[in-house]
């Protein structure tokens, strides 16, 4: 359990440093360390990551580091995507959902490792994409959240920069606000999914992980101002690859 608590702090560190990655860590920690069933872990992950993200988003809003226009464009259609994803999850085995998460982690690692300073600056010079594209991407981000229980920050941050023209220094706070919306909707809908398989969330786990994650988020925000974000993303990318390989190897055996 101590190892799981350390993992909870790492979840917050990731969100505080990068505005993403927390939920990708949460589900595996709950499944492999806390030993909760897959679907229960996904629901708990939505609550934990949503709570930690809310804490960070409030701090970002106070510092005026949230672009509310972008939150509206991505967040409103994301609600529909989260509802659909949580509904579809009822018809997908938990083992398959975790395997899907492993595949998504590989995509996230590739994106993080490929990010460069020049690419980061694109968003600050680019024009805002057409509204229909922003709506479509927002819906897709919400769908991923509801389906496999991740906040989608690793997808939201580049979408904000490259499509919505949000500067990188504003992307983390804006990403956290969107994660809150997607996680809250997905968690509410997931209660029906859990009831259908005779499961329910463990609120003690949610409270403890959320509290430790918030502490980690504070530390991540403080550390992030002193480190090169590109180096941190690449280190995290390597970690994601290792975890993804473990998850896929473990889940293929189950399947």
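GNM on the chain, alpha-carbon springs under 10 angstrom: the most fluctuating residue among 147, 88, 25 is 88. A Förster distance of 41 Å, applied to the separation of the beta-carbon atoms of residue 245 and residue 192, puts the FRET efficiency at 0.80. Label 7 Å along Cα→Cβ of residue 33; region 179-213 residues with amide nitrogen under 19 Å? From region 179-213, the list is 202-213. Considering only 55, 91, 154, the Gaussian network model of the chain with Cα springs below 10 Å gives its largest mean-square fluctuation to 91. Calculated FRET efficiency, residue 169 and residue 107, Cβ-Cβ r, R0 25 Å, to nearest 0.05? About 0.50, to the nearest 0.05. Label-to-label distance for residue 96 and residue 133 is 3.3 nm, based on points extended 7 Å past Cα in the beta-carbon direction. Exposure proxy for 5, 132, 68: other Cβ atoms within 10 Å of each Cβ, ordered fewest to most, give 132, 68, 5. Approximating the spin labels as points 7 Å out from Cα along Cα→Cβ, the residue 3-to-residue 254 distance works out to 1.7 nm.
Here is how the number arises for the chain: DSSP H runs of 4 or more residues each give -39500 (n - 2.57), the sum is divided by the residue count, and the result at 222 nm is -27500 deg cm²/dmol.
One quarter of the surface of the convex hull around the alpha-carbon atoms of region 161-255 equals 9.0 nm², the direction-averaged projected area. Put in line by how crowded their Cβ is, counting other Cβ atoms within 10 Å and starting with the fewest, 32, 87 read 87, 32. Computed on region 2-254, the Cα convex hull volume stands at 106 Å³ per residue. Based on C-alpha pairs under 8 angstrom that are at least 6 apart in sequence, the chain has a relative contact order of 38 percent. Classify region 36-103 from the C-alpha gyration tensor, please: rounded if a/c falls under 1.5, else prolate or oblate depending on whether a/b exceeds b/c. Prolate is the answer for region 36-103, as a/c is 1.5 or above and a/b outweighs b/c. With springs only between Cα atoms under 10 Å, which of 42, 24, 206 fluctuates most in a Gaussian network model of the chain? In this elastic network of the chain, the residue with the biggest mean-square fluctuation among 42, 24, 206 is 206.
No value in this document is a laboratory result; all are computed from the given coordinates. Treat the numbers as computed from the prediction; the structure is a model and nothing was measured. Cβ: placed from backbone, ideal geometry, glycine included. Neighbour counts: every protein chain shown.
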